[in-house]
Structures are given as C-alpha cells and as structure tokens.
1. Using θ = phi - 60° and the Karplus curve 6.51 cos²θ - 1.76 cosθ + 1.60, what whole-Hz ³J(HN,Hα) does each residue of the range 442-456 get, with Gly and Pro shown as x?
2. Fewest to most neighbouring Cβ within 10 Å: what's the order for THR46, THR86?
3. Quick check: pseudo-label points 7 Å beyond the Cα along Cα→Cβ at GLU93 and GLU37, how many nm apart are they?
4. Arrange the peptides 278-291, 414-427 so that the one whose residues have, on average, the most other Cβ atoms within 10 Å appears first.
5. With r as the distance between the Cβ atoms of ASN19 and SER155 and R0 = 30 Å, compute the FRET efficiency 1/(1 + (r/R0)^6) and round to 0.05.
6. Starting from the Cα-Cα distance between PHE476 and MET251, subtract it from 0.36 nm times their residue separation and give me the gain in nm to one decimal.
7. Can you list residues from other chains, or at least 5 along the same chain, whose modelled amide H is less than 5 Å from the amide H of GLY50?
8. What nm distance separates the two modelled labels at LYS561 and ASN332, each placed 7 Å from Cα along Cα→Cβ?
Amino acid sequence: MKKALILLLALILIAFPVNAKTVKIKAVAVKSGEKPEGAVIDITVTVTKGDGKVFVSTSPYTEIDMQGSAQLAALTACDLLGLDFTKFNFYYEIEADAPIVGGPSAGGVMTIATICALKNLTPRKDVFMTGMIYPDGYIGPVGGIPYKLEAAAKSGAKIFLIPEGQRIVYVTKTVEERKGPFIFIRQVTEPVDVVELGKKLGVKVVEVETVEQALWYYTGYTIAKPRLKLNLAKYSDILKLLAMKMENETMSLKKVVGNVKEADELIESAKKHLKEGYYYTATSEFFQAKIILRKEYYLKTLKSDEDLENAFKDVESEIDELKDYLRKVEDNVGVESFQIVGAGEERVAWAKLYLKNAEESGNWYSAIDYLALAKERVESAKVWLSLLQTIKEDVPLNKEKLKKRSEFYIRIAQSLIVYANSIGGYSSLIDKAEKSLQIAQNLYNDGFYSGAEIACINSMVDAGLSIELIAPNGVFEDILRSKLERAEKTAETSIAEVERSVTPILPVAYFEFAKSFYNDYKKSGDTTDAIYALTYYKLSERLAKLMIFVSKAYGERQVIKTEIPPLTPSKSGEISIKNIGHVEVPGYSALVSAIALGLVCYKRKKSRR
C-alpha cells in the first residue's frame, strides 16, 4: 500500500510539476493532403524550474519537425525576456483533429505562449496567429495563410496576426477548360488580399513584425525595449584596418602576378569605395581581386600534377595550423571576441570545403579555381583574426552554453530549409542555406561553436528570404522596396542596442556592405543589388541580436501594459492587387527562374569577404 501511494505521488509530480505555469493557446495549420485546408490546433505550454530541457508531444503526427520549433520558441522567449534558458524546463503538447503540416508556422504562437507562461500572462482566446519565429524574435513568413484564416474564423477569431509583408499572398488553383471533346487542365496563381478576405469573414487581419508586437494583441502587454540610434563613424577605424590589410596583401600579390584586367577593375573600384568610407565594401572587392590574382599565380607556377598536389598540401597545412590556433582561442572566447573568432572559424570551414572540391574536381582548371578560393579564404580568416589584438578586455563565455545554442540553431536551420522547400521557396536561396548549414554542421563537429552559430544565422536568413521573396512580377519590386526600408531601420536599431555593451564589428561591417548595395540599387534599379542589400541588412540585424543574447547584454526585461500597439504602419498594405489578376504558372515559373538567375549570377564585387 505504501509503495502504491509513493508511485501515485511520483506520477502526480510528473504530470503536475511543482511551481508549474501552464498556458493554453490555439494555433492554425494546414492539413496534410492534396487539397489545402486550414486546421485549428490546441497548444498547451507548461514551464517549470529545471535545467533547459524541452519536451514535445504531438497528436497526431506533423509532417515537419515540431521539436525544433518548440526548442526555438523556448530559447527565444527566454532571450527576449533576459532569462537564463537553462534554469527552466518546457513542456509543449500539440493536439489537432487531423494530420497537419507543422513545424515553423506555429513557432510564433508557441513563443507567445511561452512568454505568457514565464510572465503569468493570459492570452486572449479570440486572437489567432501564424508565423515562424526567428531566434531574434522576428516573425518570419509562412504559407497557406488564406486557408489558416478561414479555419481561425470558423473557430471564433476576431483578430488574426500574420507576418509583416504577407498581406498579399498567392494561391495556386487548378482550372479545367473544355474545348470540344478535350479537357485542358492548367494551373494559375492568383493574388489574395488577406486583409480583405478577413473583412468578409468578420476577422481583423493585422501584420506583425516581432513577437513584442504580437504579444500586445494577445495580452495588452509588450516587452520594455530601448529606442537607440547607430553612429557608424565610430567603427571607421576598425573597418578601415580590415580594408588596409586586405589592400596591402592584394597589391603584394599583384606585384608578383602583374596586371590582370578583371582584378585591376576590382582594385580601382575598391580604392574608390575606400575613399568614400565604404571600408567593408572595399575589403570585399580587394578580396575578389586577390582570388583572381591567386588563380593567375597558380596557372603560372603550377606545371605538373605533382606541383598541384604540393599546393593542395600547402593549403591543407595552413588550414590545420589555423584550426589548432582556433581551438585554443575557442576555449577562451568572450563576448567581444565571439564575433571575430566565429568569422575566422566560418572562413576556415569554407576553405576546407573548397579544398575538398579542388581535390575531387578531376579537372585541372576547376581544381585551380577551387584552390584559389580555398587559399584566399584562409588568408581572409587571418585578416579577421588579426582584429583580436584590438580587444583590450573580454568577458569569457560558457562553452557548454555556446554548444547548446549551436545545437538549437542547427535544428532550426534544418527545419526552416525543410519548410521553405515544402512551400516552394526560391531554390537558389535554399541551396545557399543548405551550404551554410553544411558549414555549420562541420564547425559544430570540430567544436567550433562560435562559427557554427554564425553559419546558422546565414542559413536561416537565406531560408527565410527564399519564402519572403515569393511574389509575381506585379508587386515584387514594391514589396522588395518596402522590406529594404524596414530592414535598414531594424538592423540599425539592433546594432545600436548591442553596442552599449559589445563592439559589434561583424554586424556593422555587414550593415555598411548592405548600405553600399542599397545605394547601387537606387542608382541602377538592378533588383540583384536590392536582394543583396536586403540579405546583408538581415544578416547584420540577426548577428547583432545573436551577440545580444550570447553576451547577455541586458538583465531580465519587464512586460509593460500599454494602450497603444507597438506597430509601425506597414507599407506593404498599400500595394494594390486590382490590376494584377491571375498569373499562369508557366509565366510565374519563368519569373522565379529569372530572379534565381539574378541571385546566383557571378558579380565579383557582390561577394562577401
């Protein structure tokens, strides 16, 4: 009898942990199957004191990993609130009445519910939301919004929150036409204004960009956050140091190789940007010129297979030496050195991959191309690591916590890539995301957690953009311009926030790089420039947020009751769809291909150093 009572008590404690805080919230998803149809799911989140474990139960199954979204929701909620993730355990129970496509699209709701559990808030039952969550608290794009809206309306929704920029979405329909004895089947893509659709369904549809904004609609509370301005001039000396180092190395190699037209053009452009104060842009152009010069150097000096093999060995030896050095540095990485060490580790990982490609190419000229890339990635890692000497004081980071965060980020990047593929994101950007993920996994396996986290951010940005940029030609540039303006402001704010406690060299470098592309876009109207600008603004912002969370730049944040929603009016809402009509799928595919080609076309000055 006594044993039975003890067992019963143990079961009760497992089912209802001591000091547990539980929140129930509804989410929306798309049912599995050929015909798209929305579904409402019930999510229960319980938070207890613990040691950073995340438990997930789903019934029935979901087609995309829900475990990754739950882990990211827990981590992001704690980061936004300035709480130590490792001091809690999180329990997520997801119930639906049919198999669903789960994963990222419920991430935003799960984060809201987690914040509510951590801060004793009660979410409104008539507010619904769809949107994946980024590690910095921004709401990312999703698919199937019209179907989810319809499901939410049937379940009593009064407010439906969607990701910023997705007021106008596109659905593909199958159309049958009979001509005489024949039936012709074709697919068309049609625009849907979900705000207008919501009005017909009696639901107010609101675009939200961040978790803080969504939290207000659910609870009337928002997370206290400073408003700051960035002063780029204060970073000029550091960025100029990078540029000057790369210029000196490039000109030294040029003396050996001689004049090469393409390299000379890049060098002149780099010198022009150097005078204009675009130091990281200049650094990148010197770097690209150096790759071309290195290739010419190898073509002139390598005369046999034995010469080529020896060159392979030389670069491999340099990579091994750098990795040995980085292992020592990684063991003592701090809040200031994290970004520099991570940048160095990431570049060494790319060098190793390029060297492998060179060795496996089976073609002399391809081998030379990859070898030049590998060699110059090694050299660029050295240039970045030289900045370690500029750090006067540093606060050590916990290596186990870095490792754990890397694990989460890798899982989230994997989940985002799967999701982007499932809803037809741009394949060129998904390919980039997959390559960055491979680099992240390689770095993680080598114990280089700083570089792994930075590579994951690259992967997540590309995977997210592959979804965000889906739009037929009628509104593509309007949406792109709107996203650019917003991305510039949010990146600036994020950098200004982290610079209060850490010197954000890498985010500032990418911010400046984005700014140069944005200026080029304003002059030329070249969409490729705009996409590069958007990419680097987002990278800058995400990396700044990463540094905030890694360095714990602020203490626990409070939630504040307010009558005014923390929103900036969305310009994407101004886009008209009246004259767009439907788009034949073959034409739409052509547009996708054109944009993809623009993204992967080789523009030397566009490559990141």
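1. Once θ is set to phi - 60°, the couplings for the range 442-456 become 4, 5, 4, 4, 8, x, 9, 6, 4, x, 4, 5, 5, 5, 5 Hz.
2. On the way: THR46 21, THR86 15.
In increasing order of surrounding Cβ atoms, one gets THR86, THR46.
3. 2.6
4. Working: 278-291: 27.3, 414-427: 21.6.
The packing order, highest mean first, is 278-291, 414-427.
5. Details: r = 32 Å, r/R0 = 1.05.
Taking R0 as 30 Å, the efficiency between SER155 and ASN19 is 0.40.
6. Taking 0.36 nm per residue and subtracting the Cα distance, the gain is 76.9 nm.
7. Distant-sequence amide H within range of GLY50: PHE88, ASN89.
8. 5.2
Read-outs: derived from the displayed coordinates by stated rules, not from any lab. Keep in mind that what you see is a predicted model, and the values were worked out from it rather than measured. Glycine gets a Cβ as well: all are built from the backbone with ideal geometry, and neighbour counts include every protein chain shown.
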